[in-house]
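Following: one structure in structure tokens, then a few remarks.
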Amino acid sequence: MSYPEMPQRPWSQRHHVRAIVWTLVLIILLALSSWATGADFGMFLANLDQFTVLLVQMAHPAWDYLSVIIQPLYETIQMAILGTTIGAAFAIPFSILAAHNLVSNKYLRGLIRFVLDLVRTLPDLLLAAIFVAVFGIGSTAGVVTLAIFSFGMVSKLFYEVIETIDMGPLEAMKSVGASKITIIWYAVLPQVLNQFVSYFLYTLEINVRASTVLGYLGAGGIGVYLQRSLDQFNYSATAMIILATLVVVMVIDGVSNHLRRVLL
Amino acid sequence: MQATASQSDPIISFRHVNKIYNNGTVGLKDINFDIPRGQFLVVVGLSGAGKSTLLRTINRMHEISSGEVLVDNESVSAYKGKSLRQLRRKIGMIFQNFNLVKRSTVEKNVLSGLVSYYPTWKCVLGLFSADDRKRAFQALTRVSLTKKIFARADELSGGQQQRVAIARALMQEPKIILADEPIASLDPRTTKAVMDTLQRLNREDGITVIVNLHSVELAQQYADRIVGLRAGELVYDEDIANVTTEALDHVYQTDSEV
Ligand SMILES: Nc1ncnc2c1ncn2[C@@H]1O[C@H](COP(=O)(O)OP(=O)(O)OP(=O)(O)O)[C@@H](O)[C@H]1O
Ligand SMILES: [Mg+2]
């Protein structure tokens, strides 16, 4: 039995021409962009010792600061829960109207989707800046920001879930003479509820993380303290805040991961 | 309720019914026949012949393109909104895939047959009267499934799910039951259980039953009358006494087209 001869690699593959060319292009692009944006690599190296100072301070978290930040941490979690809940509540009717298997009027559906796309393109930081200006510094601005941010994100996740459901039960409910709302309540919601809750928890995880950053803009919660400690070069307090936030985020992630696994 | 309908009038009539789907497919072509009250009618025909389409024009799950479908002497095309829901409530429907809400309990699935008797807010809150809950239990008794009342629908076998679907239809107190290949996904034993249940409802309650079937054998066993469709046309219509297997086989002969 004879095998055909193994084909030779082409010259360019044997000498990794592609990899080399791409590396060169990348380096040139990096150099060009640092020149264009005026980033000074020399300064970066010169100030590296500053960074060491910061690291040294941060290696000694101010443990007693914990009693101060417990309350704002709690507020952060409350903001996240409230914002996510409000956003998800509004997302339910909108996602129903945006689902192509429930709404056959494509103009209505198009309009709703356009609004949802628009909401999703607004960055949360921009929203926070606007609502801090409107409501003043405090958690109200944070809750409204998170509600709108979650609304945009959750609506899309929700209507994509709705579009995968089994249409059989809907047909059956229609055939018994059920009204539209009854059809949705009896045949749609039971099919999507678990996934809705799962996406709600997922969004909550993201919001707990996001709300620490939002606080930085004055939207309440732990972020306010984060900003204060940084302004005062109190890096050991900063370290404490980061540590505590990390623990909270990890706990929330763990709980929500567990719940989601149970649900699905 | 129906002042115009007398006992001897047909419960359903097709008058020159045509159905052309939006994409141009001919679903039904000039269908003309009457169904008397209390009949057990079986519709046979090849896949794509138009059996499901025919069934769904009766409760307006599908709209017809021209002609008239009469239920209790009233044209169904005239109904809309609430009156359409009232038409549908007197017509129970059974599906090949059962179409239960799998994550809900058997009881809730059975009660969902009642929703057209309640205002929407009561349905949403699940406020069914004690009497109706008792009726749900009785409906399950009739299909021999009382033990499963609190089980989740997806814990049941196919045959059991189909019997739950029949119990759901019973809650509507229907005059007509439409069954679209109710046994296509069942084994022979459960097939018998489901067909026997439909036969009992027909004989004991006088419900008019219309069943789409692929099996000529079952059709001959249960039907009072068999109609055959081919490419949307009614090509066969005989009372069971006159049905011959050869003539029925003719329904399944394909023209050159398919
Ligand atoms: N929604 C639809 N849009 C377009 N054409 C359709 C639609 N539903 C059915 N048809 C077509 O209409 C014809 C009749 O279909 P129908 O489902 O009534 O057949 P059937 O006899 O029930 O077949 P089966 O035994 O496979 O269930 C078929 O050619 C089918 O492809
Ligand atoms: Mg069919």
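Magnitude of the charge dipole for the protein assembly as shown, about its Cα centre and with charges confined to Cβ atoms of Lys, Arg (+1) and Asp, Glu (-1), is about 820 debye. By a 1.4 Å probe calculation restricted to protein chains, A:Lys156 has an accessible surface near 70 Å², given to the nearest 10. Estimate for me the total accessible surface buried between chains A and B (protein heavy atoms, probe 1.4 Å, no ligands or nucleic acids), in Å² to the nearest 100. Protein heavy atoms only, the A-B interface buries about 2000 Å².
Cross-link reach is defined here as a Cα-Cα straight distance under 18 Å, omitting same-chain residues fewer than 8 places apart; for B:Lys122 the lysines meeting it are A:Lys174, A:Lys180, B:Lys82, B:Lys108, B:Lys134.
For the range B:76-110, a reduction of at least 40 Å² in accessible area between the chain on its own and the assembled protein chains (probe 1.4 Å) is found at B:Arg85, B:Arg88, B:Asn99, B:Val101, B:Arg103, B:Lys108. The tail of the calculated P(r) for the range B:103-242 beyond 18 Å holds 59 percent of all Cα-Cα pairs. Contact residues in the range B:149-195 by the 10 Å² criterion (accessible area, 1.4 Å probe, full protein complex versus chain alone): B:Arg168, B:Gln172. Taking the Cα centroid of the range A:2-24 and of the range B:135-156, what is the distance between the two, rounded to the nearest whole Å? Going from one Cα centre to the other spans 68 Å. Global dimensions of the protein assembly as shown from alpha-carbon coordinates: Rg and Dmax equal 33.2, 103 Å.
Can you send over the solvent-accessible area of B:Asp187, 1.4 Å probe, protein chains only, in Å² to the nearest 10? Rounded to the nearest 10, the figure is 80 Å². Heavy-atom accessible area with a 1.4 Å probe sorts A:Trp22, A:Trp35, largest first, into A:Trp35, A:Trp22. Averaged over peptide B:115-122, the number of partner chain Cβ atoms lying within 10 Å of each residue's Cβ comes to 4. Here the alpha carbons of chain B define both size measures, Rg and Dmax, at 18.4, 59 Å. Along its principal axes, the range B:97-173 has C-alpha extents of 32, 22, 19 angstrom, given from the largest down. Computed with a 1.4 Å probe over protein heavy atoms only, the accessible surface of the protein assembly as shown comes to 53 Å² per residue. Centroid-to-centroid, using Cα positions, the range B:75-107 and the range B:179-258 are 22 Å apart. In summary, the helical segments of chain A meeting the span-like criteria, namely a full DSSP H run, a Cα extent along the axis of 24 angstrom or more and a mean Kyte-Doolittle hydropathy of at least 1.6, are A:17-37. A Cβ-based charge dipole, computed about the Cα centre of the range A:62-263 with Lys and Arg at +1 and Asp and Glu at -1, lands at about 480 debye.
In the range A:135-177, the residues that give up 30 Å² or more of accessible area when the other protein chains are added, compared with the chain on its own (1.4 Å probe), are A:Pro169, A:Glu171, A:Ala172, A:Met173, A:Lys174, A:Ser175, A:Val176, A:Gly177. Dividing the radius of gyration of the alpha carbons in the range B:1-141 by their Kirkwood radius gives 1.00 for Rg/Rh. Springs join every pair of Cα atoms under 10 Å in this Gaussian network model of chain A, and among A:Thr238, A:Thr52, A:Thr23 the largest mean-square fluctuation is at A:Thr23.
Relative to the longest principal axis of the Cα atoms of chain B, the long axis of helix B:130-142 lies at roughly 50 degrees. Among B:Lys102/B:Lys175; A:Lys156/B:Lys51; B:Lys51/B:Lys148; B:Lys148/B:Lys175; A:Lys156/B:Lys148, which pairs are too far apart, with a Cα-Cα distance over 29 Å? Flagged as over cut-off: A:Lys156/B:Lys51; B:Lys51/B:Lys148; A:Lys156/B:Lys148. With the charge dipole of the protein assembly as shown set up from +1 on Lys and Arg Cβ and -1 on Asp and Glu Cβ about the Cα centre, the Cα lying farthest toward the positive end among the listed residues B:Ile240, A:Pro169, B:Leu218 is that of A:Pro169.
Probe radius 1.4 Å, ligands and nucleic acids ignored: give me the carbon and sulfur share of the accessible area of the protein assembly as shown as a rounded percent. C and S fraction of accessible area: 61 percent.
For chain A, a Gaussian network of Cα nodes joined below 10 Å ranks A:Asp40, A:Asp231, A:Asp253 by mean-square fluctuation, and the top entry is A:Asp40. Inter-chain neighbour count for A:178-188: the average number of beta-carbon atoms from partner chains within 10 Å of each residue's beta-carbon is 6. Computed over the alpha carbons of chain A, Rg followed by Dmax gives 26.0, 83 Å. Computed from Cα atoms, the angle from the helix B:188-205 axis to the main principal axis of chain B rounds to 90 degrees. Springs between Cα atoms under 10 Å define the GNM used for chain B, and in it the highest mean-square fluctuation of B:Gly24, B:Gly67, B:Gly92 occurs at B:Gly24. Pairs of Cα atoms in the range A:115-244 fall into 5 Å distance bins, from 0 up to the last occupied one, in shares of 2, 10, 15, 14, 14, 12, 9, 8, 6, 4, 3, 2, 1, 0 percent.
The values are calculated or read from the model by the stated rules, or taken from the named source; none is laboratory data. Keep in mind that this is a model prediction, so the values were computed, not measured. So basically every Cβ, Gly included, is an ideal-geometry build from the backbone, and we count neighbours across all protein chains shown. All accessible areas refer to the heavy atoms of the entire protein, side chains included, with ligands and DNA or RNA removed. Shrake-Rupley method; radii C 1.70, N 1.55, O 1.52, S 1.80 Å.
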